[in-house]
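Okay, structure first, notes after.
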Amino acid sequence: MNEYLTRVINDVEKKNPNEPEFIQAVKEVLCSVEKILDKHPEYKEKAILERMVEPERIITFRVPWVNDKGEVIVNRGFRVQFSSLIGPYKGGLRFHPSVNQSIMKFLGFEQIFKNALTGLPIGGAKGGSDFDPKGKSDNEIMRFCQSFMTELYRHIGQDVDVPAGDIGVGGREIGYLFGQYKRIRNAYEGGVLTGKAISYGGSLARTEATGYGLIFYTREMLKAHDKSLINKTVTISGSGNVAIYACEKAVGYGAKVVAMSDSNGCIYDENGIDLPLIKQIKEVERGRIKEYLNKHPEAKYIEKTGEDSPIWEIKTDIALPCATQNELTLNSAKKLVENGVIAVAEGANMPCTQEATDYLLEHGVLVGPAKAANAGGVATSAIEMTQNSIRYYYSFEEVEKKLDNIMTNIFKTCKENAEEYGCAGNYVAGANIAAFKKLAEAMCAQGIV
Ligand code: NDP
């Protein structure tokens, strides 16, 4: 391996010893760009890699709030402002008990490359808290969001840093966060958060965007190999925002989604998933996926007992991991290949372990990497920012058309870059190469900052 590359990877491992997810994300990107470094020896002199792997700023803060029993709870808040190279910091907020600095940094790092691929002027960031929204009352969620924003507000702004949703942060949480920001700032800065409701500045089709975008990308990837979604079976992990709208669009293209999951287990319905029921359970009642059986006793529920998610044992043509990082392991990849999977497209961020990705690629499976395949969410967030700036709204159809064009272009970029750098068909490498080229060029242009 290129000596410069090896040194930077070793340094990242030494400097961030307790951050396995961050190291994993860095290695995946850097190992794809060796040929670019060979072509550009000046990148070493300019310390392009060292600067790319070091966040511009990490903010950590206390989030105290009072629960319904009157007890004081203290959570930890984060905002990793990773890169403002090509636009204001941009990336979601995650509320989940697993949140720590490693997860925030890996997500922020991925976000820089993803945002570069969209072709839109947005930098990379991520934030969140180890707060667990499960089982909390609406009032508790509101009090937590208000306390979180009471610190975060001083670090964000519509031209500075624009957060959005992620795991555990949907329309309800964005509403509470926006209300508190507006109150503190005494100004209506609509573009400071995206994922807002339509009634106060949100974009039509933002809710659907990540899931729909994933299917547009999958459609293009299949098309490039003379395949399509028609009559294919699909399994989708998760049953949150990304999973639900991926399911909706996949069915729209003639596929049959037979399984979905949550962190406790998965349901298998050979007749095709009843999506309105999933929406009712997950979006309205905020319940568990197991409750699907109350209305469809003929379906099967498989509880998650070990490390590996049972959903990947189900025979499928297309697998869409849409829950969380490292949810699709080498064992799961082997099972999918054994069962004849043709494509895996990542709706979640880094859902496949590195070993799983390598195994799938070695066995000729088409892999749509997260930073390309799930970029539709942030791209539509940028379209929401545009609408807020020009004080105008696009119709659902207009936004969906823009999203479709963006995803089609992202796939084309991944394909062309993979071909140019001698790894045709490897869209994981193609995405990393394309994004890195753009960012390195911008870094050179802006001097040593
Ligand atoms: P939601 O909170 O809406 O849904 C998350 C889903 O994943 C739930 O079904 C949840 O199950 C499951 N899940 C979460 N954590 C785990 C875990 N540790 N193990 C197993 N299952 C888990 O989140 P989103 O749909 O918004 O996000 C899903 C993924 O997509 C994340 O990786 C996110 O970073 C990524 N993403 C999201 C975007 C967006 O626009 N929302 C944009 C781009 C990427 P349970 O209810 O049991 O916790």
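Please work out if residue 249 is more than 13 Å from the ligand (Cβ to nearest atom), within 16 Å of residue 210 (Cβ to Cβ), open to solvent by 10 Å² or more (accessible area, probe 1.4 Å) and not in a loop (DSSP other than H, G, I, E, B). Criteria met by residue 249. Scanning segment 363-391 for residues that are of a type in the set (S, T, N, Q) and more than 10 Å from the ligand (Cβ to nearest atom) yields 386, 387, 388, 389.
Within segment 1-56, the residues that satisfy the criterion of being β-branched (Val, Ile, Thr), assigned to a helix (DSSP H, G or I) and either out of contact with any helix residue (DSSP H, G or I) (no Cβ under 8 Å at 6 or more places or on another chain) or under 23 Å from residue 351 (Cβ atoms) (or both) are 6, 9, 12, 23, 26, 29.
Is it the case that residue 331 is open to solvent by 20 Å² or more (accessible area, probe 1.4 Å), more than 10 Å from the ligand (Cβ to nearest atom) and closer than 18 Å to residue 357 by Cα? In short, yes.
When each of 184, 267 is tested for being in a helix (DSSP H, G or I) and among the hydrophobic types (A, V, I, L, M, F, W, C), the lone residue that passes is 184.
Taking the criterion of being crowded, with 22+ Cβ neighbours inside 10 Å and assigned to a helix (DSSP H, G or I), the residues of segment 220-234 that qualify are 221, 222.
Filtered by the rule that a residue be among the charged types (D, E, K, R) and closer than 24 Å to residue 207 by Cα, segment 399-431 gives 400, 401, 402, 404. Pairing residues of segment 346-375 that are closer than 15 Å to residue 222 by Cα and of a type in the set (D, E, K, R) with residues that are at pLDDT below 95 and open to solvent by less than 10 Å² (accessible area, probe 1.4 Å), at Cβ distances under 9 Å and at least 6 apart in sequence or on separate chains, gives no pairs at all. Taking the criterion of being open to solvent by 20 Å² or more (accessible area, probe 1.4 Å), small (Gly, Ala, Ser) and out of contact with any Cys (no Cβ under 9 Å at 6 or more places or on another chain), the residues of segment 21-75 that qualify are 47, 70.
Which residues, counting only those in segment 294-326, are away from the ligand (no atom under 16 Å from the Cβ), open to solvent by 40 Å² or more (accessible area, probe 1.4 Å) and not in a loop (DSSP other than H, G, I, E, B)? 294, 295, 300 - these are the residues of segment 294-326 that are away from the ligand (no atom under 16 Å from the Cβ), open to solvent by 40 Å² or more (accessible area, probe 1.4 Å) and not in a loop (DSSP other than H, G, I, E, B).
When segment 119-153 is filtered for residues that are part of a loop (DSSP other than H, G, I, E, B), more than 25 Å from residue 403 (Cβ to Cβ) and within 16 Å of the ligand (Cβ to nearest atom), the ones remaining, listed by number, are 130, 131, 132, 133, 134, 135, 136. Being within 22 Å of the chain's Cα centre (by Cα), away from the ligand (no atom under 14 Å from the Cβ) and surrounded by fewer than 23 Cβ atoms within 10 Å (Cβ to Cβ): is that true of residue 177 here? In short, no. Only one entry in 151, 173, 140 is closer than 24 Å to residue 393 by Cα and of a type in the set (Asp, Glu), namely 173. Just one of the listed residues (149, 104, 142) is under 30 Å from residue 413 (Cα atoms) and touching a residue at least 12 places away in the same chain (Cβ under 8 Å), namely 104.
Within segment 431-449, restricting attention to residues that are free of Cβ contacts under 8 Å to residues at least 24 places away in the same chain and part of a helix (DSSP H, G or I), the residue that is surrounded by the most Cβ atoms within 10 Å (Cβ to Cβ) is 441. If we keep just the residues of segment 180-195 that are within 15 Å of the ligand (Cβ to nearest atom) and open to solvent by less than 10 Å² (accessible area, probe 1.4 Å), which is farthest from residue 282 (Cα to Cα)? Top of the filtered list is 193.
The values are calculated or read from the model by the stated rules, or taken from the named source; none is laboratory data. Note that the coordinates shown come from a computational prediction; the quantities given were computed from them, not determined experimentally. Ideal geometry is used to build each Cβ from the backbone, glycine not excepted, and the neighbour counts take in all protein chains shown. With ligands, DNA and RNA removed, areas are computed over all heavy atoms of the protein, side chains included. Shrake-Rupley method; radii C 1.70, N 1.55, O 1.52, S 1.80 Å.
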